[in-house]
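**Student:** My questions all concern the structure below.
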There are 2 protein chains.
Amino acid sequence: MLKTNRVAAGLVVVAWLGLGSAGWAQTGATTPAEAARAWTGAHRVELVQQFSEFLSIPNVAADPEGLRRNAAFLIQQLEQRGVAAQLLTLPGSPSVVYGEIQTPGAEHTIVFYAHYDGQPVTASEWQTPPFTPTLKTVDGEQRIYARSAGDDKAAIFAQLTALDALRAAKIPLRANIRFVWEGEEEAGSPHLETILEAHRELVHGDVLLVCDGPVDQSGAQTVVFGARGDTHLEVTVYGPQHGLHSGHYGNWAPNPALELAQLLAGMKDATGRVLIPHFYDGVAPLSAMEKEALQRAPKNDAMLMQAFWLGHVETADGPLLEAINQPSLNINGMSSGQTGAHAANVIPPTATADLDLRLVVGIDWKVQAQRVIDYVRSQGYFVVDTEPTREMLLAHPLVARVVRDEASYNAVRTPMDLPMAQEVIAAVRGARGNVVLLPTMGGSVPLGAMERAAGTRTITVPIANYDDNQHAANENLRLKNLWEGTETMAGLLEMR
Amino acid sequence: MLKTNRVAAGLVVVAWLGLGSAGWAQTGATTPAEAARAWTGAHRVELVQQFSEFLSIPNVAADPEGLRRNAAFLIQQLEQRGVAAQLLTLPGSPSVVYGEIQTPGAEHTIVFYAHYDGQPVTASEWQTPPFTPTLKTVDGEQRIYARSAGDDKAAIFAQLTALDALRAAKIPLRANIRFVWEGEEEAGSPHLETILEAHRELVHGDVLLVCDGPVDQSGAQTVVFGARGDTHLEVTVYGPQHGLHSGHYGNWAPNPALELAQLLAGMKDATGRVLIPHFYDGVAPLSAMEKEALQRAPKNDAMLMQAFWLGHVETADGPLLEAINQPSLNINGMSSGQTGAHAANVIPPTATADLDLRLVVGIDWKVQAQRVIDYVRSQGYFVVDTEPTREMLLAHPLVARVVRDEASYNAVRTPMDLPMAQEVIAAVRGARGNVVLLPTMGGSVPLGAMERAAGTRTITVPIANYDDNQHAANENLRLKNLWEGTETMAGLLEMR
């Protein structure tokens, strides 16, 4: 059962400005979480309007002007709160929005990372337009639908709102705070490290809190100590130089769709085990504390199979929480000729698959990409990385073009027993009570680049609901996650 | 080297009308072929303009109004030549254009079949718009580019032009002539048999000449005694109910693109032999005369591999001319998620392949489709023919939706030694000299439906160049094929 209301974005600016300048009514709260609860409880309608205004600014890589507007909006939000703000820029790349709060007497500096860009949208697949934030009531719970509602504008908005809540409750900050909000995460953060390194003195801290991704599927607040790395390969195989009539030349001219199918089919067995030689070589084992955390974590597999209509799952790497501590190979997309209403009786000239390789600690992305390329070669393909010439195609029975994605990065995992890790766990437990601890997040964040540039370890504190359709059509955020996430952020902002 | 000229279609109507009414200048020719040569040699510019006018009328199934305009245009062309013309109609289907010439004292009736509809177009793939006929000079030869330039408006236009040429040379017809021009061939002719049966007395004849498809790749005039049948299956396999983040759920949630790849991969071996059980069962062997014709036919394989940039071909069924006497399985299209610029880090919800099955004499399309469905089931799939429900997907590890194409038909082959077959061969040889005889055309034409409805056998006489990009973007006709094809049609029109 869905109830739909467009959010009236036109009303937003005045309310938001009002909060930033003179709206600090005291709430009487004594803990950061209470302060957040009191603040969000008193301002729900305005906060949804403000969040909608943020979500209505398009934020895809294909729209650099939209990304610029997002960055300008965030600079304004920081400055309204008295936070020193600036854009960290590099030509040809969306800017990093940087904010800084110097706290007198602080001994520690805590850096909050999030990103304001979103995955590409295919508008036709959305029930409501991706940049027209829309409230719906789903199974009795309110959700807001828009690109980046969950991934990752929610985290930025929760941080800003937690700041307001702490001020309203007159709860002082104890650490120096830095905000690092990226605009190129969904493109693989190709320039983040360069930008951060150029401003090392600004972004250095005692811990970098990565506020991105979903919480555990059980709904409990989660703290994650690492993330898988990510790289991509685009594989194209070749049939006839142009589409040929599949009657006149079928069972004589080779069909690239079939050849691609045969190439891909051999990459995994029926249990999901990747058959590419050396694919699992080098995986760093989990520590005893990490294994224990996994054992304590909720077991959501059966619930998720129901939620996703899955009659089976891959079992080679174990249950979900164990599987994401292994490297993965996925097909994000596959295309050859046309299907459906546009299908024609043609032997298509090419067939293409986009592969997604997730990495874990111990496996370098270039090594893993090369293993796949070596596998393609071992299947009889002449491998090139640019469009093959007529001469190449005539000289080799099988030709594959494999294009590597240079915007790739490796996995990172912070040991849970570091003192700063224990302090973060304590702050989140203080704010939220029951907390799930996970060694690795399945999704990827460029933690390594941040660690190198900021000179510190990262810990990930997500707030979005797991079923937020992240990266897909109809992305959404459960409002309850926004309110609870603000409590979590308040607890972290108030750390020593 | 290409030279491009848009054809000035605005000039067309007057010239064409002029020919139809009072333009019968005598050419002094004594044979049908000489008459055609003299006529087309004297009227090249006007004829190209007239053909362009015909090609500029859109003729795809998605545009019923365009198909109606084509039919009305052809009725007008027939009537201008004094041919009794009418539309044979069935609600919900494009009309058959029917023309009739009664020849006093004639003992035989010859039916000329062709089709005026074309394959769907993806305009973005065309170098010039598909319905803006454009002349280009390619390797010193003029070609006209437009949808259906080769398949199959060329044949209709050659028949009309041959009629004009014979009249200009005062060469009388000797047989009764029927024209049956279909508008639904590219959709699999689902209504042709019904329409023809309802008008059996009109379309009955001693032979039905199917003027469709390309001549042999050597360029020689070809007479073909049958065509493969055709059926399609659309296969969809299912992953998660909606796109899932390939980081968070990769190597746990099953990937439908990979499952489809594995299903398709097992359908053929590396030589192109179809591995689906019983796929070749029942194939009717070729007769001695048919085998001899194949041996005499040009061997074009090496030339075609160069032309199509093919470093290898499927060899299981032998050289091309032997292969097309075997059933085939091809993938016309394959899709899952998105590739290229629109690719996202998603485990796609579905993956789909459109399969094309060509049939030869001895194999019924329903039997062949069932063999593929049985194979899918044997690979562990629960097979449905409508969208599976949540309950189905949860109850079965693997679910495939397989949709059969009811607009399918079987192969047909007319024995070369029938008296009427020998007469057709003689007429074409008389007009063109060297003629290639082939038992089977690789492409499909609904010959069986025509034979049942017209009560006679079919023989196929194509005129288009093999490299006409039939069914694909940038379809074209080599003008030389139009002029020579007109000579062939003149020879056939003048048969006893």
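**Student:** Taking only the alpha-carbon positions of the protein assembly as shown and ignoring solvent, what does the Debye formula give for the base-10 log of I(q)/I(0) at q = 0.05, 0.10 Å⁻¹?
**Tutor:** -0.40, -1.07
**Student:** Please compute the modelled spin-label separation between A:Gln422 and A:Ala307, points set 7 Å along Cα→Cβ, answer in nm with one decimal.
**Tutor:** Using points 7 Å along Cα→Cβ, the separation is 3.3 nm.
**Student:** When you look at the Cβ of every residue in A:229-236, what mean number of other chain Cβ atoms sits within 10 Å?
**Tutor:** 2
**Student:** Over its Cα atoms, what ratio of radius of gyration to 2.2 N^0.38 Å does the stretch A:65-162 give?
**Tutor:** 1.29
**Student:** Running Debye on the stretch B:113-242 with equal point scatterers at the Cα sites and no solvent, what base-10 log of I(q)/I(0) appears at q = 0.17 Å⁻¹?
**Tutor:** -1.19
**Student:** If we restrict to alpha carbons, what Rg and Dmax does the stretch A:176-296 come to, in Å?
**Tutor:** When restricted to the Cα atoms of the stretch A:176-296, Rg and Dmax are 23.1, 73 Å.
**Student:** Take chain B, drop everything but the C-alpha atoms, weight them equally and run the Debye formula without solvent; then report log10 I(q)/I(0) at 0.07, 0.11 Å⁻¹ to two decimals.
**Tutor:** The calculated log intensity ratios at q = 0.07, 0.11 Å⁻¹ are -0.40, -0.95.
**Student:** A further question on this structure: Round to a whole angstrom and tell me the spacing of the C-alpha centers of the stretch A:336-407 and the stretch B:64-126.
**Tutor:** Comparing the Cα centres of the stretch A:336-407 and the stretch B:64-126, I get a distance of 46 Å.
**Student:** Pairs B:Lys299/B:Lys480; B:Lys136/B:Lys170; A:Lys268/B:Lys268; B:Lys268/B:Lys366: which exceed 26 Å Cα-Cα?
**Tutor:** Flagged as over cut-off: B:Lys136/B:Lys170.
**Student:** If you don't mind, another one. In peptide A:259-268, what is the residue-averaged number of other protein chain Cβ atoms found within 10 Å of each Cβ?
**Tutor:** Mean shielding by partner chains, rounded to a whole number: 6.
**Student:** In whole Å, how far is the Cα centre of the stretch B:141-172 from that of the stretch B:201-273?
**Tutor:** Using only Cα atoms, the two centres lie 32 Å from each other.
**Student:** So in the protein assembly as shown, what percent of DSSP beta bridges are antiparallel if you round to the nearest 5?
**Tutor:** Bridges in the protein assembly as shown are about 70 percent antiparallel.
**Student:** Pull up the DSSP beta bridges for chain A and report the antiparallel fraction as a percent, rounded to 5.
**Tutor:** Of all bridge pairs located within chain A, approximately 70 percent are antiparallel.
**Student:** Over the Cα atoms of the stretch B:175-216, what radius of gyration and what Dmax do you get, in Å?
**Tutor:** Taking only Cα atoms of the stretch B:175-216, I get Rg and Dmax of 11.8, 35 Å.
**Student:** Please state, as a whole number in µm²/s, the translational diffusion coefficient that the Stokes-Einstein equation yields for the stretch B:308-441 at 37 °C and 0.692 mPa s, with Rh defined as the Kirkwood radius across alpha carbon pairs.
**Tutor:** For these conditions, the coefficient is 171 µm²/s.
**Student:** Just to verify a number: FRET efficiency for B:Lys366 and B:Glu322, C-beta to C-beta distance, R0 = 22 Å, to 0.05?
**Tutor:** According to the calculation, E is roughly 0.30.
**Student:** Please give the peptides B:285-292, A:66-73 ranked by average Cβ packing (other Cβ atoms within 10 Å per residue), highest first, as a rough proxy for protection.
**Tutor:** Going from most to least packed, we get A:66-73, B:285-292.
**Student:** Per the helix-only calculation at 222 nm, which mean residue ellipticity applies to the protein assembly as shown, given -39500 (n - 2.57) for every DSSP H run of n ≥ 4 and division by its residues, nearest 500 deg cm²/dmol?
**Tutor:** Mean residue ellipticity, 222 nm, calculated: -10000 deg cm²/dmol.
**Student:** Sticking with this structure for a sec: FRET efficiency for B:Lys299 and A:Asn434, Cβ-Cβ distance as r, R0 = 60 Å, nearest 0.05?
**Tutor:** 0.20
**Student:** Please average, across the residues of A:469-480, the number of beta carbons from any other chain that are within 10 Å of each residue's own beta carbon, and give a whole number.
**Tutor:** Shielding by partners across A:469-480 averages 3.
**Student:** Let me ask another. I need the P(r) histogram for the stretch A:431-493: all alpha carbon pairs, bin width 5 Å from 0 out to the longest distance, whole percents.
**Tutor:** 3, 14, 19, 22, 22, 14, 6, 0
**Student:** Here's another thing I want to ask about it. Starting from the Cα-Cα distance between B:Gln379 and B:Ala72, subtract it from 0.36 nm times their residue separation and give me the gain in nm to one decimal.
**Tutor:** Fully extending the segment from B:Gln379 to B:Ala72 adds 105.5 nm.
**Student:** A follow-up question, please. Of the options A:Gly226, B:Val402, B:Pro104, report the single residue whose Cα projects farthest towards the positive end of the charge dipole of the protein assembly as shown (beta-carbon charges: Lys, Arg +1; Asp, Glu -1).
**Tutor:** Value: B:Pro104.
**Student:** Quick one: dipole size for chain A, taken about the Cα centre, charges +1 on Lys/Arg Cβ and -1 on Asp/Glu Cβ, in debye to the nearest 20.
**Tutor:** Taking the Cα centre of chain A as origin, the dipole is about 820 debye.
**Student:** Further question: For B:Gly433, place a label point 7 Å out from Cα along the Cα→Cβ vector, do the same in each other copy, and report the separations in nm, one decimal, smallest first.
**Tutor:** Copy-to-copy label distances at B:Gly433, shortest first: 9.6 nm.
**Student:** Looking at the stretch B:51-185, what % of its DSSP beta bridges pair antiparallel, to the nearest 5?
**Tutor:** 70
**Student:** While we're on this one: Using only the alpha carbons of the stretch B:166-244, determine the length spanned along each of the three principal axes and report them from longest to shortest in whole angstroms.
**Tutor:** Largest to smallest, the principal-axis extents are 73, 40, 24 Å.
**Student:** Oh, and also: May I ask you to order B:347-356, B:248-257, A:368-377 by the average number of other C-beta atoms within 10 Å around their residues, highest value first?
**Tutor:** By packing density, highest mean first, the sequence is B:248-257, B:347-356, A:368-377.
**Student:** I've got another one for you. For the pair A:Arg390 and B:Glu79, how long in nm is the line joining their label points, each one 7 Å along Cα→Cβ?
**Tutor:** Between A:Arg390 and B:Glu79, the label points sit 4.9 nm apart.
**Student:** So if I place +1 on the C-beta of Lys and Arg and -1 on the C-beta of Asp and Glu, and nothing else carries charge, what would the dipole magnitude of the protein assembly as shown be about its Cα centre? I want it in debye, nearest 20.
**Tutor:** 640
**Student:** How far is it, in nm, from the label point at A:Val403 to the one at B:Glu292 when both lie 7 Å from their Cα along the line to the Cβ?
**Tutor:** 5.6
No lab work stands behind these numbers, since they all come straight from the coordinates. Being a predicted model, the structure only gives us computed values, none of them experimental. Heads up, the Cβs are rebuilt from the backbone with ideal geometry, glycines too, and the neighbour counts pull from every protein chain shown.
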